[in-house]
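Structure first, then comments.
The values are calculated or read from the model by the stated rules, or taken from the named source; none is laboratory data. The model shown is predicted, which means the values in this text are computed figures rather than measured ones. All Cβ positions, even for glycine, are placed from backbone atoms using ideal geometry, and neighbour counts span all protein chains on display. Ligands, DNA and RNA are stripped out before the accessible areas are found, and what is left, the full protein with its side chains, is counted by its heavy atoms. Shrake-Rupley method; radii C 1.70, N 1.55, O 1.52, S 1.80 Å.
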Amino acid sequence: MSPFLARLREKVGTDLLMLPSASGFVFDDEGRLLVARHGDVGLWAAPGGGIDPDERPADAVVRELHEELGLDIETLGLIGVYGGPEFRTVYPNGHQVGYVIAVYACAVVAGRPEPDGVEIDDFRWVSEQELAGLKMTPWTPLVAPEAFAWWREHVG
């Protein structure tokens with residue numbers, strides 16, 4: 001949790017917060033998607049996280065992927081911005097969050113995925129068909145088809 005969010009939580013407790021975030025849909029040369037298992041909830045999703053005050057969303061996704069998986073990535077384009085009831089979650093500590101997520105198509109510039117062991121405890125490269133077999137966040141099945149379509153249209 002960022003210092004900004006920690007201070008905010010001190011004031012509002014576990015009440016619902018609407019938070020901006022960014023997610024990186026990273027594809028390899030074979031068109032497989034990098035997904036990460038978020039240890040606190042045990043669900044698979046594209047890596048990403050909250051946008052800090054005054055941070056650009058594209059910079060946030062680059063930072064988050066470096067922090068969570070040790071990857072240097074480049075953003076290739078904005079897939080879309082998403083929100084709604086499927087983007088709402090309650091964490092094990094009771095914190096309620098509704099995310100509005102800027103989703104970017106990304107490629108690895110340097111590094112190999114290495115989970116940070118704090119937020120992320122595992123990763124996989126999966127095809128669109130393999131993704132359906134994972135226990136995912138509620139929003140992933142809504143966004144992933146559009147991300148794979150974006151990749152096929154622009155890169156693959």
Taking 0.36 nm per intervening residue step and subtracting the Cα-Cα distance, what contour gain separates ASP28 from PHE4 on full extension? 5.3 nm
Averaged per residue, what accessible surface does region 1-149 expose to a 1.4 Å probe, in Å²? 51 Å²
So how tilted is helix 57-69 from the main axis of the chain? Cα-based, degrees 0 to 90, rounded to 10. 80 degrees
I'd like the carbon and sulfur percentage of the solvent accessible area for the chain, probe radius 1.4 Å, heavy atoms only, ligands and nucleic acids excluded. 52 percent
List residues of region 50-65, by number, whose backbone nitrogen lies under 17 Å from a label position 7 Å along Cα→C-beta of GLU114. 64-65
About the Cα centre of region 1-135, what is the dipole size in debye to 20, counting +1 per Lys and Arg Cβ and -1 per Asp and Glu Cβ, all else neutral? 460 debye
If you bin every alpha carbon distance in region 1-146 into 10 Å steps from zero, what whole percent lands in each bin? 11, 44, 37, 8, 0
Between the helical axis of 140-154 and the dominant principal axis of the chain, each derived from Cα atoms, what acute angle in degrees is found, rounded to the nearest 10? 40 degrees
Rounded to the nearest 500, what is the 222 nm mean residue ellipticity of the chain from helices alone, with -39500 (n - 2.57) per DSSP H run of 4+ residues and division by all residues? -8000 deg cm²/dmol
